[in-house]
Every structure is written in C-alpha cells, then in structure tokens.
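Comments concern the structure below.
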Amino acid sequence: MIPVVKTIDEVRKYVKSWRREGLSVGLVPTMGFLHEGHRSLIDRAVSENDRVVVSDFVNPTQFGPGEDLEAYPRDLERDAALCEEAGAALIFNPEPEEMYRGALTTVSVDKLTKVLCGKSRPVHFDGVCTVVSKLFNIVTPDRAYFGQKDAQQLCVVRKMVKDLNFDIEVIGCPIVREADGLAKSSRNTYLSPEERKAALCLSRALSAGRAAVDSGESSAGAVKAIVRAEIEKEPLARIDYVEAVDMDTFEDAETVRAPFLAAVAVYIGKTRLIDNFIIE
Ligand code: AMP
C-alpha cells in the first residue's frame, strides 16, 4: 500500500533516500477528494519523474471567513487507492498543526492576485503561495504539476517560482471535463441534480466565447459579452466575474491576443465554480 505520511520529517527521509539513489522527484499539490483532473496531473508526473509525491491537504489558510473549509469533501482512503493505482510513491497528508504551528510568515505575490478570484477571495492566493512554498521546501521536487483549471493559480505560482528562484519546473496541465463539458472539481459534489444541470452554463458560455474567437472575433469586450449573455440565460447562476486578460500581466485585454485568458467564476446556488479558456 502507498505510504501516507503525516510529518514533514518523514517526507524528508523518503526524499533524501531517493536523492541518494539519484532519482528525480515530481510533486502534485492537491486538497484531496481526488478525481480524474487530479489523476491527469499524477499520470503526467509519474511519466516524467522516478518518484511522485502527492500532497493531500485541505489548506486552511487559503479559505476566507465564511468559505467552505469545514464542508470541503475529504476521503483519504479513496485518494490513497487512486494514487497507488496511478503509480505515485508517497502521499503527504499533514494536519494543519504540522504545517502552521507557530508560523508568522506569509508568501505573497502582488498584482496578479488582486484581480479575478483575488477580488472576491482576498486571502486566497497568500494561502496558496505560502502552502506551495512550504511544499516546495519540504519535497524539493524537480517538477511540480498544476492544472489549468485554476489558471490564475498556475500563473501566480509560476511568478512566485521565478521571483523567489525556486529551482523547480512548473508544469501546467489541461482541464479535464465531465462528458457533458463541466470542468471536474471536488466542489461539484455540492451540487444538487438541478444545480448540476445549471452548472453547464459555465462551459457552454466559454465554448461560445471560444467559438467566436475561432471565427475571427478579436474584441475581448465582445467575447466577454458573449460569455456573460450565455451565463445570464441560466436562472440558478449568479456571476462573480467574467474577465478577459493578458495572461502575462493579468491586465484587462482589449483585443484577443495570445497569451489570452478568458475566465469566469459563477455561483450556482451556494457553490462557486470557476472555468476558463486560454489562447496560447
Ligand atoms: P485542488 O485539489 O482543487 O486544489 O486541485 C489540485 C490541483 O489539481 C490544482 O493544480 C488544480 O488546478 C488541478 N485540477 C483540479 N481540477 C482539475 C481539472 N478538472 N482538470 C485539470 N486539473 C485540475
């Protein structure tokens, strides 16, 4: 059975022994309740590294007050079975105490974190950057794998790695979707059957935006309007944001020019879902 390790010291022991053998190490940071989106990251990591560590940690510092920290779904046993089947070497599943006992330090990336999800989730990216920095220092991977599902997170982590000189290659992986288009997410489990149908408005709207780009629409404002109009047709949806930005700067895009990110966050009932498309 794949080892499930609770302490930083134990992770370090494993990694040191692998390093002594000259093995490469990949890291897949997750909050658990793993699905095929996570699995795609683990598969890629297993194919590119000798040993893969999956962190499985519902990181409290990236949740704001009133968000779903307590309700966040957890199933370590199922996660362990998935990681084992995928060929990962180790699961790191610390308690919050192990990660944050007495901690006074926060890692913060400016500017890129003030827009899109950062507007409605002001503490979120500090929590992400701090925990990812800690995981990088604990596991010291050669490569770390992140999903394009959280496109802003991927860009913020890339910037942090560059600015803080982490000697780690950050690898972005495509969005894995359900057969009907909904982006896979641990939070999809919150949706009632009626909300699950309504949640399709995100991918439908982004597909409409993408189709407009593919047929020559070059105004970012027009693309946003198409996406917004499609979501607004869904009575159970409440838009948090519909944005189109330059992916290097996260400044509003006027024209659709690569690297371009169109991203949405939408409440379906109480569940906040995100999705996006990228022109690279
Ligand atoms: P989470 O457990 O939601 O924090 O996600 C852990 C990692 O898996 C992040 O890098 C996510 O971007 C990635 N991920 C989550 N859902 C998907 C998906 N549907 N497709 C690809 N990657 C995903």
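Every read-out reported here was derived from the displayed coordinates using simple, explicitly stated rules and does not represent laboratory data. Bear in mind that the values here come from a model prediction, so they are computed numbers and not experimental data. A quick note on method: Cβ atoms are made from the backbone with ideal geometry, for glycine too, and the neighbour counts reach across all protein chains shown.
Summary table
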| quantity | calculated |
| --- | --- |
| Rotationally averaged projected area of the stretch 78-171 (alpha carbon convex hull; nm²) | 7.1 |
| Neighbour-count order for V170, V139, fewest beta carbons within 10 angstrom listed first | V170, V139 |
| Nonlocal amide H pairs with L90, under 5 Å, H built at 1.01 Å | V52, V54 |
| Sorted by Cβ density within 10 Å, fewest first, the residues H38, H124 | H124, H38 |
| Dipole magnitude of the stretch 87-138, debye to nearest 20 (Cβ charges: Lys/Arg +1, Asp/Glu -1, about Cα centre) | 300 |
| Kirkwood Rh in Å, taken over the chain so that all alpha-carbon pairs contribute | 19.6 |
| Burial ranking of peptide ranges 125-137, 88-100, 64-76 (average Cβ count within 10 Å, highest at the top) | 125-137, 88-100, 64-76 |
| Radius ratio Rg over Rh of the stretch 186-275, counting only Cα atoms, Kirkwood formula for Rh | 1.00 |
| Ranking of L112, L206, L27 by count of other Cβ atoms within 10 Å, fewest first | L112, L206, L27 |
| Span from the the stretch 77-143 Cα centroid across to the the stretch 174-207 one, whole angstrom | 24 |
| Gained length - S47 relative to M1, 0.36 nm times residue gap less alpha-carbon distance | 14.6 nm |
| Pairs from K159/K233; K13/K184; K149/K233; K119/K233; K114/K134; K197/K224 whose Cα-Cα separation, in the structure shown, is over 30 Å | K159/K233; K13/K184 |
| Length released on extending from R238 to E70, taking residue separation times 0.36 nm less the Cα-Cα span | 58.2 nm |
| Taking all pairs of distinct alpha-carbon atoms in the stretch 13-80, Kirkwood radius in angstrom | 13.6 |
| Segment D9-L164, length gained on full extension (0.36 nm per residue, minus Cα span) | 53.5 nm |
| Sum of -39500 (n - 2.57) over DSSP H runs of 4+, divided by residues of the chain (222 nm, nearest 500) | -12000 deg cm²/dmol |
